[in-house]
1. Residue B:32: farther than 15 Å from residue B:307 by Cα, away from chain A (no Cβ under 14 Å) and surrounded by 14 or more Cβ atoms within 10 Å (Cβ to Cβ), yes or no?
2. If you go through the stretch A:336-368, how many residues are assigned to a helix (DSSP H, G or I) and either farther than 19 Å from residue A:52 by Cβ or touching a strand residue (DSSP E or B) at 6+ places or on another chain (Cβ under 6 Å) (or both)?
3. From the residues in the stretch A:209-227 that are away from every other protein chain (no Cβ under 12 Å) and outside any loop (DSSP other than H, G, I, E, B), which one is farthest from residue A:169 (Cα to Cα)?
4. For residue B:115, are the conditions met, namely being over 29 Å from residue B:342 (Cα atoms), within 19 Å of the chain's Cα centre (by Cα) and either buried (at least 18 other Cβ atoms within 10 Å of the Cβ) or modelled with pLDDT of 90 or more (or both)?
5. All but one of (1) within 14 Å of chain A (Cβ to nearest Cβ); (2) crowded, with 20+ Cβ neighbours inside 10 Å hold for residue B:156; which doesn't?
6. For the stretch B:334-363, enumerate the residues that are at pLDDT 90 or above, buried (at least 19 other Cβ atoms within 10 Å of the Cβ) and touching a helix residue (DSSP H, G or I) at 6+ places or on another chain (Cβ under 6 Å).
7. Condition first: crowded, with 24+ Cβ neighbours inside 10 Å, assigned to a helix (DSSP H, G or I) and out of contact with any strand residue (DSSP E or B) (no Cβ under 7 Å at 6 or more places or on another chain). Now tell me which residues in the stretch A:286-316 satisfy that.
8. Would a scan of the stretch B:87-107 turn up a residue that is surrounded by fewer than 16 Cβ atoms within 10 Å (Cβ to Cβ) and more than 9 Å from every other protein chain (Cβ to nearest Cβ)?
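The values are calculated or read from the model by the stated rules, or taken from the named source; none is laboratory data. Source: prediction; values computed, not measured. A quick note on method: Cβ atoms are made from the backbone with ideal geometry, for glycine too, and the neighbour counts reach across all protein chains shown.
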């Protein structure tokens, strides 16, 4: 489906002056009866710029008359636990859209983002870092999908102070989790016609832990002979990312490395304000801004209302595809990409000076 | 001292006649030759350390090398090598290849732990004449070298479940923070940034941050701030000019150093070293590519610039600043002319050609 929308987009972009003349080949999705029934999605606005950007998504969806209605719940990053009713709602609806939740540094409150992922067993986090046409960056030909294990690894949250001044933090790697993230990565590559999967590790130092991760990846790779599989040590990977990003395609990583690689890749491709992403498990899916840096924003952006809604808009397009509403997804993506390419309405992180609302209005106008 | 050489460099580049000369006044006996342990290492290691040997000879530097062969797949660093380093206090080495998986632990880490080389320093800066995608990069990454995620303590709880310990202690965090601020103070740097993930690893990285904050209070003239590591990675590739000195625990330092080296021109040109209270080991700054690939080894096309600049740092450490200045000036002139460059900088030269160019530029 991504390929079909790309072909529409290519056609539209090569013909900028006459955008909507009759297409020579139309793509018809044939729905089954009842597919148009509205779906409920849990909406968590979050902290900081969260309410701003989720508000943007709500406006665009209304303008499109998308068959989605949101159940909104207020959750703040400094709460101790995600409230019961929110968890029930997500379990019931199976799909959630959220803004960032600010995790306090230090202190005793553990990350609510992590808690959501662990309780719903959302084991894969996916970020698609891709050069957007019209957005000039220092790196060309970037098209990287980072698939990151979301539940264990360095983020197990198991720390203790052995004696005052000495802290141990446990990094847990299990065969079960490594296998399923590897399987997800290869399956993703297979379904999206990707040619290469790269495993990122530091198994020369952490031989048992990352060694186990690598073994699982190698086993799964055998089942997909058509996909090239290779491995790269994480420090070399960071350097290659900034030197020659075109060599990477799909990357599968444990938790911490995935966080850093995703943010680096998002940064080189245009910034975390435009990269879509989501978290998916066997039964549930949560969509949010792709890479985690800046998803809460700073006070200044909140005050001036200049947050970039593009990332969340593109993620909500992924959500629409997940909910089996591909036409709406295509329309939304085309509108957003047109706005980015025209370059008139850009927020500060892309070099412009617009407010969120101006970008939203531009996107709504670009919808057909 | 790096500022003096920069001034020297500018003077040389701008005018042939120097309007201000810098004289180092040695003490009697300062010219006595010093012994330095040399470990060629694996892969491209022998190639690039040999480059350093040739240049040192051409300069008649008062250094002689005690060469020891250490391969990465040995289970321990041989006792005679450790003794030599303890006697000489200074070592220059190429990369030691650490096998992935298997039972052999990293010899690089072993060296650092036994000699207690707690600080690893990489200076990532744009070199004049080498175009990169990022401008105005001048970042020094100071990385804790002995604990953190590289403690090497792992065990398999039950088959299929592995626990790996990340150990952070106040002692180590404090001394790396002290080293970072001292470095900033001595080198006239304005800002120190601590890189952490204390929102998730609250106790471990929280302890690291506390130590940094305590030390920061003693240096009111230096700006101190903190950044979460994922945001840091993105800021590095988006706006690297905001960073000056960065102090980090072990793993983040490894990744941040390699990313910063990559944006500033590649790990083939960034100098660096490891230092402890008593010893110092100099090697290519950032760790990626320090062993190289078979194709580079066969064609002898490894980039010796990083190790040459690191050996200049070593010459300063040994109190031979004029030799260090001459070496750095020659290397930077070769890079800025752009005629002799290895493959990672976009050229096609072999290591030997670059070495000959550097020797020709020495005055």
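1. Numbers: farther than 15 Å from residue B:307 by Cα: yes; away from chain A (no Cβ under 14 Å): yes; surrounded by 14 or more Cβ atoms within 10 Å (Cβ to Cβ): no.
No; evaluated as a whole, the condition is false for this residue.
2. First, pick out the residues of the stretch A:336-368 that are assigned to a helix (DSSP H, G or I): A:336-342, A:348-350, A:356-366.
After this cut, where a residue has to be either farther than 19 Å from residue A:52 by Cβ or touching a strand residue (DSSP E or B) at 6+ places or on another chain (Cβ under 6 Å) (or both) as well, the list is A:337-338, A:341-342, A:365-366.
Residues that pass the stated criteria total 6.
3. Filtering the stretch A:209-227 down to residues away from every other protein chain (no Cβ under 12 Å) leaves A:217, A:219-227.
Checking which are outside any loop (DSSP other than H, G, I, E, B) leaves us with A:217, A:219-222.
Numbers: A:217: 25, A:219: 29, A:220: 29, A:221: 31, A:222: 34 Å.
Within the stretch A:209-227, the match that is farthest from residue A:169 (Cα to Cα) is A:222.
4. Numbers: over 29 Å from residue B:342 (Cα atoms): yes; within 19 Å of the chain's Cα centre (by Cα): yes; either buried (at least 18 other Cβ atoms within 10 Å of the Cβ) or modelled with pLDDT of 90 or more (or both): yes.
In short, yes.
5. Failed condition: (2).
6. Within the stretch B:334-363, B:334, B:351, B:355, B:357, B:358 meet the criteria.
7. Listed by number, the residues that qualify are A:310, A:313.
8. Among the residues of the stretch B:87-107, at least one is surrounded by fewer than 16 Cβ atoms within 10 Å (Cβ to Cβ) and more than 9 Å from every other protein chain (Cβ to nearest Cβ), which makes the answer yes.
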